[in-house]
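Q: Submitted below is the structure of interest, expressed as C-alpha cells.
The values are calculated or read from the model by the stated rules, or taken from the named source; none is laboratory data. None of the values given here were measured: they were computed from a predicted structure. Ideal geometry is used to build each Cβ from the backbone, glycine not excepted, and the neighbour counts take in all protein chains shown. Ligands, DNA and RNA are excluded from the accessible area calculation, which covers all protein heavy atoms including side chains. Shrake-Rupley method; radii C 1.70, N 1.55, O 1.52, S 1.80 Å.
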Amino acid sequence: MKLTKLLPAVAVLAALPTLGFAQEEAAPGFDEIGPYIMTTLLFLVGGFLVFWMAAGFAMLEAGLVRSKNVAMQLTKNIALFSIASIMYWLVGFNLMYPGDFNGYFAFNFVPTVLEPVGLAAADASLDYASVASDFFFQLMFVAATASIVSGALAERIKLWPFLIFVVILTGLMYPISGSWQWGGGWLSEMGFSDFAGSTIVHSVGGWAALAGAIVLGARKGKYGPDGKVTPMLGSNLALATLGTFILWLGWFGFNGGSQLAAGTVGDITDVGRIFANTNMAAASGAVAALLLTQIMYGKVDLTMVLNGALAGLVSITAEPLAPSLFGSLLTGAVGGVIVVFTVPLLDKFKIDDVVGAIPVHLFAGIWGTLAVAFYTGNWGAQITGIIAYGVFTFVVALVVWIILKGVMGIRVSEEDEINGLDSSELGMDAYPDFSKG
Amino acid sequence: MKLTKLLPAVAVLAALPTLGFAQEEAAPGFDEIGPYIMTTLLFLVGGFLVFWMAAGFAMLEAGLVRSKNVAMQLTKNIALFSIASIMYWLVGFNLMYPGDFNGYFAFNFVPTVLEPVGLAAADASLDYASVASDFFFQLMFVAATASIVSGALAERIKLWPFLIFVVILTGLMYPISGSWQWGGGWLSEMGFSDFAGSTIVHSVGGWAALAGAIVLGARKGKYGPDGKVTPMLGSNLALATLGTFILWLGWFGFNGGSQLAAGTVGDITDVGRIFANTNMAAASGAVAALLLTQIMYGKVDLTMVLNGALAGLVSITAEPLAPSLFGSLLTGAVGGVIVVFTVPLLDKFKIDDVVGAIPVHLFAGIWGTLAVAFYTGNWGAQITGIIAYGVFTFVVALVVWIILKGVMGIRVSEEDEINGLDSSELGMDAYPDFSKG
Amino acid sequence: MKLTKLLPAVAVLAALPTLGFAQEEAAPGFDEIGPYIMTTLLFLVGGFLVFWMAAGFAMLEAGLVRSKNVAMQLTKNIALFSIASIMYWLVGFNLMYPGDFNGYFAFNFVPTVLEPVGLAAADASLDYASVASDFFFQLMFVAATASIVSGALAERIKLWPFLIFVVILTGLMYPISGSWQWGGGWLSEMGFSDFAGSTIVHSVGGWAALAGAIVLGARKGKYGPDGKVTPMLGSNLALATLGTFILWLGWFGFNGGSQLAAGTVGDITDVGRIFANTNMAAASGAVAALLLTQIMYGKVDLTMVLNGALAGLVSITAEPLAPSLFGSLLTGAVGGVIVVFTVPLLDKFKIDDVVGAIPVHLFAGIWGTLAVAFYTGNWGAQITGIIAYGVFTFVVALVVWIILKGVMGIRVSEEDEINGLDSSELGMDAYPDFSKG
C-alpha cells in the first residue's frame, strides 16, 4: 500500500525510502520482466476497452428500444455487468481456468484470489502476466455474453428473472463451456480454434438469447395473424450509433488483448495485425450492409449498417490474426451480408429479437468460427465446436428459461407491456420532459 | 521538434539523420530507463482516462437535470474543466507539489514548467516519470473536484459566480489542502492514507458543494412548507447512464494511475489489483443499491443504481490496492447502501443536491477514507484527515460562497429559474426541436 | 495463429509448447526491441484514440443538425469511416508513404500488406514500429479529414455523391497531398513543418468542405434576400458536447502518437509534453470563446465554446511539442478567437457551414500552421505549404464536386430538404417517439 503520491522533487523522493523500485537490488532486468510488464499492460488496456463495450451495449440497446422501455434497458445493462463482475469472481473464473482438469467440467468452485500486494519478480509468472490483469480482462468477456441476451429479449421480459438468468449464465454456463476451449479442455485438445470468441462469447450469448426469445414469445403486436410484421422503431438512433462506435472501439481490446502476450516483437506486431484486421472487418461489414440495403430496398438502412459493422466484428473475432487485410475484408463483408438476410428471416419464424442480436452475434459468430477452417484446415474441429457450444448453451438456457417461467413468470403483463416497462417495472421514465409522438 | 512523419521505408529513414533514437550512443539501457518509460506511460494512459471523466460528469449531470437546464449544465462542465486546466498550470500544481515546505502552505506561486524537448536520459528523474506526464495526470484530478460541485448546485446557480468559485477551488483550495498529504505535508507525516483521493478529491468536492448548496438554497418548489419533497426528474437517463459508464471507465485510470509507478513486476501487478478491485467495488455498489431499492421501495431505482456504482467507486478510492476482491466488494457495497439512505436524508435537511453528488462523493468518500484504517490500523490519522479536509474546505467554501453572494449574487431570479437557465442565462436550448411535456 | 487462451496454471503452460515467447533462444534483449515495442504500442493506443474521434465527429454533427437530418448524419459518419478504412488500405497508405519517389506523386497503387504473423525480431524495423500499427494509426487520420467535410455539408447533400467524394478524398486526394510532407516529398524537403496535421489533415478537410459548400449552396431559408441570417439550431447540444469531449480525448492520440516514437526517455517525455500542451490549447480555446461571446453578445454561446475548444486543438496540432504550456495557451486562445469571429464571417459570404467546420478546421488550421514559424523561423516554408495544400485541395475538390453535380446531382430536392433527409433519403427517423416542436 502506498501512502502518498510521489513528488517530483528529489528532496522529497529521498525522504520516502519505502518506494520499491529504487531499492530492489539485483532485481531481474527488463529482458526477464519486460514481457510480463507488457502483457500485463496489454490485459489492463485491453480490459478497459472491453469494459467500455458494456457502455456500448447499453447505448445500442437503449437506442433501439422504444422510449417507454429505455430506463429498463439501461437498468438491465448496468445490473448485468455488475452481476457478471461478482459471479465471475465468485465462481466463474476458476471454473473456466481450473488448470489441470477432466476437460469437461471442473469441480473448482472457489472465488478468485489475486497475488499479494507488491509481488516480487521471483514469485511472478514471468512468462505470462499478473493474475489480476488476466482476471480483469477475462471478466469483461463474460459481461459481453450477458449483454447480448439483454438486447434480444428487451421490451417484454421482467427485470428479476432476467437478472437471475444472468447469474446462471455468467457464473456457470459461460465458464463451464468456456473451459472446454480456453481452459484447455476437450475442444482445445481436438484442435478447435476460436481466437477471441466468435463462438465462445458471441454465439453463446446468441444461443442463450434465442432460447429466451422462444420461451418468452414476441412482443404484442409485432407479428400479425396474417404474417404481417409491424416495425417497432428504435427511439434514438444517435445513441444506437454511439453504442456501435463504442463497441467498435472496445473490440480492439477484445481481439487485440486475446493475443495474450505483448512483450516480444512477434507478439506486439501480431497485436497490430489484429487491430488493423479488426477495423477492416468492421468497415467491410458496414459497407456490405450499406450497399445491400440500398440495392435490396432502394434506401440505406442505418440500423442495418450499424449491425453490419457489428457482424463484421463478430465474424473476425474467431481469427483476427491469420487473415490478410483483404481476407479480413471478405470475412467482415460476409458478416454484413448475413445480417441483412437473417434479420427478416427471424421475423419469418416469429422470433422477436429486438436489436438484431441473434443475427449479429449468433449467425455471424457461426460464420466467423467456420471461416477459421480456411486457415487451419480443421473443418471437423470447427464444426464440432460450433455444435457443442450450440447444443449445450441452447439446451441449458431453454431449461433455465422454462423453469424461470414456471416458477416466477418471465414476462410482464400485456397491460404493462403496452404502457412500457419503465413505468410498470421501475416507475420512472428515461425522458420524462419530452412528449411522446 | 519533429518535422516529418516517419516512413517505414528504410531508404527514407536513412535520409533523416536527425532522428534521435538511432543516434544515442552509449545510451542507458532498458534496465535503467524502462521504469521511467512505463511510469510515464501509466500517467499518460491514466491521465486520458481521468480526462474522460470530465465527459462522464457532463453527461451524468446533463442527464439528471431538467431539459430546460441542460445547455447550462453542459456549458458549466466544459468551462470548469478548461478553467481547472489553466488554474492548475498557473498556480495549482506547484502549490500542491512544492517540494520541501512547511507542511501547511507553500508560498510557491509559479506556473508549471515542463522539461525541455528531447530530454536526455541523464537529465531525467529515472526513478519517477516525466514532469509533463505527472502534471497531465494530476491536473485531471482537480477537474474532477470541480465537477462534483457543478452537479450539486445545478438548476439555480448563475454561470459566472460558479466559474469564479471554480477558479478559487482549482487554483487555491484544492492544491493547498492537497499539499498536506500528496505534497508531503503534515497529514502525510502523521500517517494519513488516501491512495487516490476519496477525501482529497471526492470529499473536498463534496464539502465545497455542501457549502454551496446551503448558501444557495434549494430549487423553488423542491421542498414544500409541509415537508413534502417534490421530485424533479432528470430529463435523460440514457445520458446519465452513459455518464456513469464513462466515470467507471475513467476510474481505472484514477485509481490505477495513482500507483504512480508501473515499471517493476510489483508495481504493474499492483496496478492490476487496483483495476480488479475498483471494478468490484463499482459492481457491488450498484448491486447493493439495486437490491436495497427493490426491498425498500418495491421497485428498482435506476438513478440510485447509477449513484450506487459511483459511491462504490468513491469508497474504494482511498484504498484500492490493499483489499482482496471480497474486501473491495464489501467496501463498495457499503458505499451503495450509504447512497440509498443518505439521498433522502439530505432532503430531510432541505439541502438540495440535484444529482446526489454529496451522498456519492462526500459521504461515501468519508466511509472509504475511514475504511482504510482496517488495513493501516491508524484510525486517528484517518479521522484527523477527514476532519481537516472537511473543516478547511467547508469553511473556506462557505466564506467564498457568501462573498460571491454578497458581491454579485449567485442565484438566478425566480422567473429565470422557472423558465430554465438555458433560456435566461444562455439564450439557447439544448433540445430545441422537441416539445416539452 | 494462437489456438487457445493461456491459462495461468503452470501445468497447462507446460502443456502448450507452441508459445513463442518462452522458446526464443538468444533473442534480442529489451535494449534492442524495447523501442520497437513501445512505439508500436504508441501507435495502437494513439490509433484507437483517433478512431474514437470518428464517434466524436458523429456525435458533434448529429447534435448540431436539426432532428430531421440526424439519422442521415449518423449514416454518413459511419459510412465515411468505413469507406476511408477500405480506400486507405486499397491505395491510400502506399500513395502517401511510397518510400523513395519524385516528391510530388507516387505511382504506387498497391494495397497495404502487413508483416507476416509472428514476425521475428531479426525481420522487424527495430528502429521504428510494426507496419500494421503504423497503418492503423495513419488510417485514422484520413477518416478525420472526411468527417470534417460531412459536417459542413450537412442537411442538404445527397448520401451517395457525398460517399463518392469520400472515396476520392480518402483514396487519392489526401494521400497524394499528404505524401508531399509526411511521405518525404517536396514540402518536407523545403522544411515545411506540420507535426500532426493542422494543414495536412484539418485544413485539407476544411478546403474540401469549402469547395463543397460553394458548389452545393446554402440550405433553403438560411440566408434571406435582405441579408438576414436565420439560425438553424442544433437539435441536441448534449450530443454535441459529448462529441467535443470525445474529440478532445482522441486528440491526445492524434498529437501524441505523431511523435512516432516512444521507446526512449526523450521520446516518451516529448509525448507527455504533447499531451499537456494539447490539453492546454483546448482549454484556452474554450475559455477564449467563453469570454468573447460573453463580451460580444452578453451571453455565453455553448456551441461557440465547443468550437473554441476544437479550434484550440486544431491550432496546436501543427506544433504541439515545441511550445511551453504558456505558448500553447496563446496558440489555442487565438484559435478560439478565430472561431468566434469567422463563424459570422462565413455567413456574410453566404457560405453555409452547418457545424462550423470551416472556421474550426480550415481557419484555425491555417493559424496553427503559420504559428509554427515562431519556432522554426521558416515562414516561407509554412506559407508555401498552406498555399500548396489549399490550392491543390480546393481546386481538385471543386472539380470533383462540379462533376458530381453534373453527373448525378449532389443536392436533394427542396421538398426533401424541408421534410428532412432522414425521411426522404433513408425513410427513417432518428427520434421517432418524440414530437417535434
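Q: Please give the solvent-accessible surface of A:Lys350 in Å², to the nearest 10, using a probe radius of 1.4 Å with every protein chain present.
A: 100
Q: Evaluate the Debye formula for the stretch B:275-349 with equal point scatterers sitting on the alpha carbons, no solvent, and hand back log10 of I(q)/I(0) at q = 0.25 Å⁻¹, in q order, two decimals.
A: So the normalised log intensities are -0.95.
Q: Between copies, how far apart are the C:Val391 label points? List them in nm, one decimal, shortest first, with each point 7 Å from Cα toward Cβ, please?
A: Counterpart label points of C:Val391 in the remaining copies fall at 7.3, 7.3 nm.
Q: Just to be sure I understand: if you take the accessible area of chain C alone plus chain B alone and subtract the pair, with a 1.4 Å probe, what total do you get in Å², rounded to 100?
A: 6800
Q: Further question on the same structure: Taking the 0 to 90 degree range and rounding to the nearest ten, how far is the long axis of helix A:30-64 tilted relative to the main principal axis of chain A, both from C-alpha atoms?
A: 20
Q: Follow-up question, since we're still on this one. So what are the stretch A:54-164's ellipsoid semi-axes, whole angstrom, largest first, if each one is the square root of 5 times an eigenvalue of the alpha-carbon gyration tensor?
A: Working: eigenvalues 230, 51, 23 Å².
After diagonalising the Cα gyration tensor, the semi-axes are 34, 16, 11 Å.
Q: Here's something else I'd like to know. Report, in degrees rounded to the nearest 10, the 0 to 90 angle that the Cα long axis of helix C:70-87 makes with the longest principal axis of chain C.
A: It works out to around 40 degrees.
Q: For a distance above 16 Å, tell me the whole-number percent of Cα pairs in the stretch A:221-296 that qualify.
A: That tail contains 68 percent of the Cα-Cα pairs.
Q: Then there is this: If A:Ser147, B:Ser324, B:Ser435 are ordered by their accessible area, calculated over protein heavy atoms with a 1.4 Å probe, which sequence runs from highest to lowest?
A: Details: A:Ser147 5, B:Ser324 60, B:Ser435 35 Å².
Sorted descending by solvent-accessible area, the residues read B:Ser324, B:Ser435, A:Ser147.
Q: While we're looking at this one, here's another question. How much accessible surface does C:His202 have with a 1.4 Å probe, in Å² rounded to 10?
A: Number for this one is 0 Å².
Q: Taking only protein heavy atoms into account and a 1.4 Å probe, give the accessible area per residue of chain B in Å². Don't skip to the end; give the middle numbers.
A: Values: 11970 Å² over 437 residues.
So chain B comes to 27 Å² accessible per residue, rounded to a whole number.
Q: Continuing with this model, one more query. Which shape class, rounded, prolate or oblate, goes with the stretch C:321-405 when its Cα gyration tensor gives a ≥ b ≥ c as root eigenvalues, a/c under 1.5 marks rounded, and past that a/b bigger than b/c marks prolate?
A: Working: a/c = 3.06, a/b = 1.43, b/c = 2.15.
Oblate.
Q: Sequence gap at least 6, Cα distance under 8 Å: using those rules, report the relative contact order of chain B to the nearest whole percent.
A: Numbers: 809 pairs, mean separation 102.5, N = 437.
Relative contact order, chain B: 23 percent.
Q: Considering only protein heavy atoms, what is the solvent-accessible area of B:Thr331 at a probe of 1.4 Å, reported in Å² to the nearest 10?
A: Rounded to the nearest 10, the figure is 10 Å².
Q: If you rank A:Leu292, A:Leu153 by how much accessible surface each has, with a 1.4 Å probe, what is the order from largest down? All intermediate terms of the calculation are to be shown ahead of the outcome.
A: Values: A:Leu292 35, A:Leu153 0 Å².
These residues rank, largest area first, as A:Leu292, A:Leu153.
Q: Additional query: Give the separation of the Cα centroids, the stretch C:260-310 to the stretch A:101-137, in Å.
A: 42
Q: Would you be so kind as to list the residues of the stretch C:65-83 that have their accessible area lowered by at least 50 Å² in the full protein complex compared with their chain by itself (1.4 Å probe)?
A: Residues of the stretch C:65-83 that lose at least 50 Å² of accessible area once the other chains are added: C:Leu74, C:Ile78, C:Ser82.
Q: Quick check: the angle from helix A:325-348's long axis to the longest principal axis of chain A, C-alpha only, nearest 10 degrees?
A: 30
Q: Now a separate question. From the square roots a ≥ b ≥ c of the eigenvalues of the alpha-carbon gyration tensor of the stretch B:290-437, which class results: rounded (a/c under 1.5), prolate (a/b over b/c), or oblate?
A: Numbers: a/c = 2.65, a/b = 1.44, b/c = 1.84.
Note, shape of the stretch B:290-437 comes out oblate.
Q: Order the following by accessible area, largest value first: B:Lys228, C:Lys348. Probe radius 1.4 Å; ligands, DNA and RNA are ignored. Each step should come with its number before you reach the end.
A: On the way: B:Lys228 120, C:Lys348 165 Å².
Result, largest first: C:Lys348, B:Lys228.
Q: Considering every Cα-Cα pair within chain B, what fraction, in whole percent, is farther apart than 32 Å? Walk me through the intermediate numbers first.
A: Values: 36191 of 95266 pairs.
Value for chain B: 38 percent of Cα pairs lie more than 32 Å apart.
Q: Sticking with the crude label model, points 7 Å out along Cα→Cβ, report the distance from C:Met296 to C:Val117 in nm, one decimal please.
A: About 5.7 nm, to one decimal.
Q: Just add up the charged neighbours of A:Thr384: K/R +1, D/E -1, any other residue whose Cβ is under 13 Å from the Cβ of A:Thr384.
A: Working: positive: none; negative: A:Glu189, A:Asp194.
Net charge in that neighbourhood comes out at -2.
Q: Let me ask something else. Taking 10 Å² as the minimum loss, tell me which residues in the stretch B:313-337 lose that much accessible area going from the chain by itself to the full protein complex (1.4 Å probe).
A: So the qualifying set is B:Glu319, B:Leu321, B:Ala322, B:Leu325, B:Phe326, B:Leu329.
Q: Using a 1.4 angstrom probe on heavy atoms only, work out the carbon and sulfur share of the accessible area of the protein assembly as shown in %. Mind showing how you got there, number by number?
A: Numbers: 23690 of 35940 Å².
Ligands and nucleic acids excluded, carbon and sulfur give 66 percent.
Q: Same structure, new question: Shortest first and in nm to one decimal, what separations exist between B:Gly380 and its copies in the other chains, measuring from label points 7 Å along the Cα-to-beta-carbon line?
A: 7.4, 7.5
Q: Now, a different point. Report, for C:Phe109, each distance to the same residue's label point in the other copies, shortest first and in nm; define the point 7 Å along Cα→Cβ.
A: Once sorted, the set of distances for C:Phe109 reads 6.7, 6.7 nm.
Q: Follow-up question, since we're still on this one. Find the eigenvalues of the gyration tensor of the Cα atoms of the protein assembly as shown, then list the square roots of 5 times those eigenvalues as equivalent ellipsoid semi-axes, largest first, in whole angstrom. Provide the component values of the computation, followed by the final result.
A: On the way: eigenvalues 268, 268, 261 Å².
Largest first, the protein assembly as shown gives 37, 37, 36 Å.
Q: Once the other residues with Cβ under 11 Å from the Cβ of A:Lys158 are scored (Lys, Arg +1; Asp, Glu -1), what is the net sum? Display every interim value, and only then the final one.
A: Values: positive: A:Lys76, A:Arg156, A:Lys405, A:Arg411; negative: A:Asp416, A:Glu417, A:Glu425.
Net local charge, A:Lys158 excluded: +1.
Q: Using only alpha-carbon positions, what ratio does the radius of gyration of the stretch C:121-160 give when scaled by 2.2 N^0.38 Å? Could the numbers behind the result be given before it?
A: Values: Rg = 17.1 Å, N = 40, 2.2 N^0.38 = 8.9 Å.
Ratio of Cα Rg to 2.2 N^0.38 Å: 1.92.
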